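A short worksheet on the structure shown next.
The values are calculated or read from the model by the stated rules, or taken from the named source; none is laboratory data. What you see is a predicted model; the values in this text were computed from it and never measured. Cβ coordinates were reconstructed from backbone atoms using ideal geometry, including for glycine residues, and neighbour counts include every protein chain displayed.
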Amino acid sequence: MNGLSTTTANFYRHSGKVPLPGLMLIGVMGLVATPILGLIYGYLIFYIPFIYLNMMLVIGYVFAISFVLNKAIMWGKIRNTLIVGLAAFGIGIFAEYIGWVAWIAAFAKDPTYLLEFFLPWVVATIIIEIGKQGVWSFSDITPTGGLLYFIWLIEALVVVGGITFNTLKEFSETP
């Protein structure tokens, strides 16, 4: 049959199946691994003063979460691109939030701030107050207000978007 074909490449298309145990596995692995990785990430971002190393940590965080999600997807036999994308996006938002909670606990030098995880409105209030004051300097400039919020937005887009993109990319390339 290849005599009539212009290409000899074989294509794989996911079936769209979503087994319930697979969904549960994504949830369990995502909700267990993300707080552990987020805690490490938040503290490292706070205590490492080198901006280039911090950028590498953000990328490493994205790849670590994506790796866990892709293992859960593979083991759970999830074959639905929409479900994988939604799960990755949701875990990405959760990862960003956990990173913030850990960072705030490191900033306050008080691990009891980790309990703020259960109070998102308190976390938002703390972020707003920190944004007004500024927390770090780069070349004698301390970003505050809109500039600092913009920098944090870029980081959030990298984390959430990176986890979503990287998970979907790996999923689409793996039969």
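Structural remarks
Results for (1) among the acidic types (Asp, Glu); (2) part of a helix (DSSP H, G or I); (3) under 20 Å from LEU53 (Cα atoms), shown as yes or no for each residue.
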| residue | (1), (2), (3) |
| --- | --- |
| GLU96 | yes, yes, yes |
| ILE127 | no, yes, no |
| VAL135 | no, no, yes |
| ILE151 | no, yes, yes |
| ILE154 | no, yes, yes |
| VAL158 | no, yes, yes |
| GLY162 | no, yes, yes |
| PHE171 | no, yes, no |
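- The residue that is surrounded by the fewest Cβ atoms within 10 Å (Cβ to Cβ), counting only those in region 155-175 that are touching a residue at least 12 places away in the same chain (Cβ under 8 Å) and charged (D, E, K, R), is GLU155.
- Options PHE138, PHE150, PHE171, PHE117: the member that is modelled with pLDDT of 90 or more and on the phi < 0 side of the Ramachandran plot: PHE150
- Selection within region 101-154 - within 24 Å of LEU37 (Cα to Cα), surrounded by fewer than 16 Cβ atoms within 10 Å (Cβ to Cβ) and among the acidic types (Asp, Glu): ASP110
- Pair list, Cβ under 7 Å, 6 or more apart: region 69-88 residue in contact (Cβ under 8 Å) with a residue 12 or more places away in the chain, other residue surrounded by 20 or more Cβ atoms within 10 Å (Cβ to Cβ) and of a type in the set (S, T, N, Q): LEU69/THR167; ASN70/THR167; VAL84/THR167; GLY85/THR164; ALA88/THR164; ALA88/THR167
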